[in-house]
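The values are calculated or read from the model by the stated rules, or taken from the named source; none is laboratory data. From a predicted model like this one, the values you see are computed outputs, not experimental measurements. Ideal geometry is used to build each Cβ from the backbone, glycine not excepted, and the neighbour counts take in all protein chains shown. Please note that ligands, DNA and RNA were not included when accessible areas were found on the heavy atoms of the full protein model with its side chains. Shrake-Rupley method; radii C 1.70, N 1.55, O 1.52, S 1.80 Å.
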Amino acid sequence: MTITPAGYSLLLLTAFVGCLAAVVMFAFLRFVAAARDTRHAMRGEGMETAVLSAALQEAVVKLRAQERATAARAEASERLSGEIISSLTSGLLVVGLDGAIRILNPAGRRILALPESLAPEEYQRAERERPLLAVIDECLQRRTAIVRRAVVLPEDLEGGQGATFLGVGVSPLTDEDGQLHGAICLFTDLTAVKDLEEQLRLKNSLATVGELTAGIAHEFRNGLATIHGYSKLLDLKLLPEAYRPYVEGIRAETDSLSQVVTNFLNFARPAQLTLTDVDLRAICERAADEIRSDARALGGDVEVRGEFGVVEGDEVLLRQAFSNLLRNALEACIGGPAPPHIVIQSDLDPAAKVSRLAVNDNGPGIAPALRERVFRPFYTSKRSGTGLGLALVQKIIVFHNGRVVVGGSPTGGASLQVTLPLAG
């Protein structure tokens, strides 16, 4: 069979189309295979990415949990540190190298009579705290600890604060490398201990004085009574005119000395207390009423201010003590440039469980050098005084486990400050 040229052309065209179809099919299969490989590769990478993302997320969660736990521990530690500092009954003072106060706990504020609202960085060195700060400065300069140093803070007339006795210990504040960063000071208020020691000393002294002098004073009074009795037997009308003043002088002097001896016996007699609950406001109001008319007659007045408490004591003796204090204040103001103005100021100290009372006047005051002597028997600066009024006041207050001291009044006069323990 003979193939024509047209047949050859058809065969060639058919072969070409077949080759082209084969090439297209081969390319399609390669494309499909590549697509499948790509899909598998992408699926593997997605799984790895997901695993890596989950691991990272888990690590972040753990880190956040650790951060929260660390912050909670730090907060708890800081809170515990703050609670410990706030709960200390002793004063805590932390000072930097520049002398600036970094920490001052509530007990320290109370001891130093600083307001609670005052921030440590706002504190300015005051004259009253100078003895305490001097010990801290000494520790910073010497870089050695100071143990059991006794410090006395002077009284503050404007703030109404008496002298404060402190027991102080100071240690240098260093880091792990021994580098000095400041000083830490612990101080304790020993005023109550000093007061107790003074009370015991006074009680023993008063008991000794009473035992030694009561018998002598009793015999002395008997002798005075005999002299006075014989002088009464002398009839002045039968005596010459020139001798009558002598007999009258004997009678007057024996009466005066008898009164002095009687007062001294009352002072030396052992105190016998009849204890009941005594309202200090009622005691002070009654004592003020006794001299108020005399003060107003001189153009002045007597005031009773503040918050009063109840003490366990002898009402009669306490009334006598405050009457003596007010009478003494009034007599001190007589003859001064201003009318007498006497104030009984009372404040309660719940922390110390005591009542603090002050009898303030606007008289000439009492010099600091004489303040300890005014409570001695027979010491007086008045012409007609016996010198037993304040001595008897001190005895009564001491036997009530209290304390009386002399200070300065805000008005420039004297301030007799009484501290008594509250009942219950």
Checklist entry - When residues of the stretch 282-332 are filtered for being touching a strand residue (DSSP E or B) at 6+ places or on another chain (Cβ under 7 Å) and not aromatic (Phe, Trp, Tyr), how many remain? => result 26
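Per-residue answers, yes or no, for (1) closer than 17 Å to Pro106 by Cα; (2) in contact with a strand residue (DSSP E or B) (Cβ under 9 Å, 6 or more places away or on another chain); (3) of a type outside the set (D, E, K, R):
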| position | (1), (2), (3) |
| --- | --- |
| Arg64 | no, no, no |
| Ala72 | no, no, yes |
| Ile84 | yes, no, yes |
| Ser90 | yes, yes, yes |
Next on the checklist: Go through the stretch 219-261 and report how many residues are closer than 26 Å to Gly389 by Cβ and aromatic (Phe, Trp, Tyr).
Outcome noted: 1
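Answer with yes or no whether Asp277 is under 36 Å from the mean Cα position of the chain (by Cα), modelled with pLDDT of 85 or more and not in a helix (DSSP H, G or I). Walk me through it before giving the result.
Details: under 36 Å from the mean Cα position of the chain (by Cα): yes; modelled with pLDDT of 85 or more: yes; not in a helix (DSSP H, G or I): yes.
Answer is yes for this residue.
Can you pull out the residues in the stretch 304-336 that are surrounded by fewer than 15 Cβ atoms within 10 Å (Cβ to Cβ) and among the acidic types (Asp, Glu)? Explain how you work it out, then say what you get.
Keep residues of the stretch 304-336 that are surrounded by fewer than 15 Cβ atoms within 10 Å (Cβ to Cβ), which gives 305, 307, 316, 334-335.
If the condition is that a residue be surrounded by fewer than 15 Cβ atoms within 10 Å (Cβ to Cβ) and among the acidic types (Asp, Glu), then Glu307 is the only one that fits.
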Next on the checklist: Just the residues that are touching a strand residue (DSSP E or B) at 6+ places or on another chain (Cβ under 8 Å), assigned to a loop (DSSP other than H, G, I, E, B) and either modelled with pLDDT of 90 or more or surrounded by fewer than 21 Cβ atoms within 10 Å (Cβ to Cβ) (or both), please, taken from the stretch 385-421.
Outcome noted: Asn401, Pro410, Thr411
Checklist outcome for this item: Pro339 fails exactly one of (1) in a strand (DSSP E or B); (2) open to solvent by 40 Å² or more (accessible area, probe 1.4 Å), namely (1)
Checklist outcome for this item: Looking across the stretch 357-373 at residues that are surrounded by fewer than 20 Cβ atoms within 10 Å (Cβ to Cβ) and either touching a Ser or Thr at 6+ places or on another chain (Cβ under 9 Å) or under 15 Å from Asn324 (Cβ atoms) (or both), the single one that is modelled with the highest pLDDT is Gly365
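Gly424: open to solvent by 40 Å² or more (accessible area, probe 1.4 Å) and either within 29 Å of the chain's Cα centre (by Cα) or over 18 Å from Gly300 (Cβ atoms) (or both), yes or no?
Considered against the rule, which asks whether it is open to solvent by 40 Å² or more (accessible area, probe 1.4 Å) and either within 29 Å of the chain's Cα centre (by Cα) or over 18 Å from Gly300 (Cβ atoms) (or both), Gly424 comes out as yes.
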Next on the checklist: Contact list please: Cβ distance under 8 Å, first residue in the stretch 181-201 and part of a loop (DSSP other than H, G, I, E, B), second residue surrounded by fewer than 19 Cβ atoms within 10 Å (Cβ to Cβ), pairs at least six apart or on different chains.
Outcome noted: Leu190/Ala150; Leu190/Phe165; Leu190/Gly167
Checklist outcome for this item: Log entry, pairs with first residue in the stretch 127-142 being farther than 15 Å from Gly182 by Cβ, second being assigned to a helix (DSSP H, G or I) and open to solvent by less than 50 Å² (accessible area, probe 1.4 Å), beta carbons closer than 9 Å, six or more apart or on different chains, reads Arg128/Leu112; Glu129/Leu112; Leu132/Leu112
Checklist outcome for this item: (1) more than 30 Å from the chain's Cα centre (by Cα); (2) under 14 Å from Gly408 (Cα atoms) all hold for Ala338 apart from (2)
Checklist outcome for this item: So, first residue without any contact (Cβ under 8 Å) to a residue 12 or more places away in the chain in the stretch 397-424, second residue assigned to a loop (DSSP other than H, G, I, E, B) and buried (at least 21 other Cβ atoms within 10 Å of the Cβ), Cβ within less than 7 Å, six or more apart or across chains; the pairs are none
Next on the checklist: Condition first: of a type in the set (A, V, I, L, M, F, W, C), under 19 Å from Val152 (Cα atoms) and open to solvent by 40 Å² or more (accessible area, probe 1.4 Å). Now tell me which residues in the stretch 81-113 satisfy that.
Outcome noted: Ala113
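Quick check, is Ala352 within 19 Å of Glu307 (Cβ to Cβ) and at pLDDT below 85?
Values: within 19 Å of Glu307 (Cβ to Cβ): yes; at pLDDT below 85: yes.
Considered against the rule, which asks whether it is within 19 Å of Glu307 (Cβ to Cβ) and at pLDDT below 85, Ala352 comes out as yes.
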